[in-house]
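Trainee: Below you will find the structure I want to go over with you.
The values are calculated or read from the model by the stated rules, or taken from the named source; none is laboratory data. Note that this is a predicted model, so its numbers are computed, not measured. Methodologically, a virtual Cβ is constructed for each residue, glycine included, from the backbone with ideal geometry; neighbour enumeration extends over all protein chains shown. Areas reflect the complete protein model, heavy atoms only, side chains present, ligands, DNA and RNA absent. Shrake-Rupley method; radii C 1.70, N 1.55, O 1.52, S 1.80 Å.
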Amino acid sequence: MIWHEHEKRMMNRALELAAEAEAAGEVAVGALIERDGEILGEGNNRVIRDSDPSGHAEMVALRRACSRVENYRLPGATLYVTLEPCAMCAGALVHARIQRVVFAAWDPRVGAGGSIINLLDHPHMNHRCIVSTGLLGEQAEDMLKKFFVARRS
């Protein structure tokens, strides 16, 4: 796939957010939601800091974006995230009517954007997201691998 410079900038920002999560002792995942060139919400993993199992980067970005536009629906918006969303996050993105989800790295353990299951583009869901994968995937995978190696040692 050929990626546009705007898409690369957005994913690079998500990688910066992932690095912030890592520096705070969280799993290195970052996400942002943009629409019409405007970033509506950003987030990174906050599960440990907030003692909140729903504190995934996507959920944090989604809450901030919805709060900013004062609506629980975000039609026309794109989520950029460094790791494939899990089932919880994928379900929330579908309910929010996110138009497109761009993720960098696959999550072969719990991914719900096509690796284990695909809730983002499931024919029985009431909304289907456009899914694009692999943008800056090597950088995101490398960041996650280094994070888990450091955590285990």
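Trainee: Regarding region 51-60, can at least one residue be identified that is over 24 Å from LEU144 (Cα atoms) and surrounded by fewer than 21 Cβ atoms within 10 Å (Cβ to Cβ)?
Mentor: Checked region 51-60: no residue is over 24 Å from LEU144 (Cα atoms) and surrounded by fewer than 21 Cβ atoms within 10 Å (Cβ to Cβ).
Trainee: Still on this structure: Closer than 14 Å to ILE98 by Cβ and modelled with pLDDT of 95 or more - does that describe any residue in region 8-16?
Mentor: yes
Trainee: Right, another one. In this structure, does TYR80 turn out to be at pLDDT 95 or above, of a type outside the set (Asp, Glu) and touching a Cys at 6+ places or on another chain (Cβ under 7 Å)?
Mentor: No, not satisfied.
Trainee: Next question, about the same structure. Among the listed residues ALA92, ALA65, ALA87, which satisfies the condition of being small (Gly, Ala, Ser) and within 20 Å of ARG9 (Cα to Cα)?
Mentor: When all the criteria are applied, what remains is ALA65.
Trainee: Of the residues ARG97, ARG152, only one is farther than 19 Å from ALA65 by Cα and open to solvent by 40 Å² or more (accessible area, probe 1.4 Å); which?
Mentor: The match here is ARG152.
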